[in-house]
Amino acid sequence: MASFMESPRFPDDISYGVTFGPEFVTEIASTPAGAEQRNRVRSRALCRGECAHAVKTQAQLTLLIAFFRSVGGRFSGFRFKDWSDYQLALADSVLTDVGVSGAQFQLNKRYRASAGFQEVRPLRKPVTGTLVLKDGASTVAPGVGAGQWTLDASTGVVTIGAGVTRLAGNLTASCEFDVPCRFDADSMATSIQSYQIYSWGQIPVVEISNP
């Protein structure tokens, strides 16, 4: 059974020191002459990182141990702030229709270098209280009434009330977002090397695609 802890997220003061970034999986078959056949195993990148050198104090170590035990190692997912990429700008937003009534839209972020070279990333864990929704040039107010919107912060799905242009191409959004992650280890080896110097074995953190 899948398990995900929406709150609290991985401690921000520890995630700030974590090495973290996107990873693709590509299969490459090559010939001795140098010709290649490349196959993309998955359609988008999933992030991966290591928190081996992020703890600096006893308080941080105590907090990380409690967090690791609470989620059961690899068992439960959690929110993680990727300090290198945690904001969605209006210009990069893509809202895709996911509801049968035409009123529900998934938040996505577009990464584009040039025409034909882009990735559209679903944002499953937007940060509550940071979303701004635009209908063309007009800002749409949050709420449950006509002409307003509500957000499911556990999925990144926005529900649009009547009176708003329900065309994905007319809607843009900005917000902060977390990455749904889990630890990729069931063991956590810690040590106190000397007074106020702490270390532990590498603990990989990986993004999960189905939180």
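The values are calculated or read from the model by the stated rules, or taken from the named source; none is laboratory data. All values derive from a computational prediction rather than experimental measurement. Neighbour counts are summed over all protein chains in view; Cβ atoms, including those assigned to glycine, are modelled from backbone coordinates with ideal geometry. Keep in mind that these areas ignore ligands, DNA and RNA; they rest on the heavy atoms of the full protein, side chains included. Shrake-Rupley method; radii C 1.70, N 1.55, O 1.52, S 1.80 Å.
Some observations on this one:
- Test: residue in segment 169-180 that is part of a loop (DSSP other than H, G, I, E, B) and out of contact with any Phe, Trp or Tyr (no Cβ under 9 Å at 6 or more places or on another chain): no
- Checking each residue in segment 179-211 for being modelled with pLDDT of 85 or more and of a type in the set (Phe, Trp, Tyr) picks out only Phe183.
- Note on segment 94-139: among residues that are small (Gly, Ala, Ser) and open to solvent by less than 50 Å² (accessible area, probe 1.4 Å), the one that is farthest from Lys81 (Cα to Cα) is Gly102.
- Pairs, first on the phi < 0 side of the Ramachandran plot in segment 5-21, second among the basic types (Lys, Arg) and surrounded by 19 or more Cβ atoms within 10 Å (Cβ to Cβ), C-beta under 6 Å, six or more apart: Arg9/Arg79; Asp12/Lys81; Ser15/Lys81
- Selection from segment 148-161 of residues that are part of a loop (DSSP other than H, G, I, E, B), open to solvent by 20 Å² or more (accessible area, probe 1.4 Å) and closer than 14 Å to Gly99 by Cα: Thr155
- Put simply, of Ala45, Ala59, Ala29 the only residue that is over 28 Å from Glu119 (Cβ atoms) and either out of contact with any helix residue (DSSP H, G or I) (no Cβ under 7 Å at 6 or more places or on another chain) or surrounded by fewer than 15 Cβ atoms within 10 Å (Cβ to Cβ) (or both) is Ala59.
- In segment 123-151, the residues that are over 15 Å from the mean Cα position of the chain (by Cα) and within 20 Å of Asn210 (Cβ to Cβ): Leu151
- Filter pass, Ala66 being closer than 22 Å to Asp186 by Cα, in a loop (DSSP other than H, G, I, E, B) and either of a type outside the set (Ser, Thr, Tyr) or at pLDDT 85 or above (or both): no
- Hey, Ser84 closer than 30 Å to Thr172 by Cβ and of a type in the set (S, T, N, Q) or not: yes
- For segment 22-39, the condition of being in contact with a Gly (Cβ under 9 Å, 6 or more places away or on another chain) and outside any helix (DSSP H, G or I) holds for none of the residues.
- Residues of segment 62-93 that are surrounded by 14 or more Cβ atoms within 10 Å (Cβ to Cβ) and among the hydrophobic types (A, V, I, L, M, F, W, C): Leu63, Leu64, Ile65, Phe67, Phe68, Val71, Phe78, Phe80, Leu88.
- Hey, Phe78 touching a Phe, Trp or Tyr at 6+ places or on another chain (Cβ under 9 Å), at negative phi and part of a strand (DSSP E or B) or not: yes
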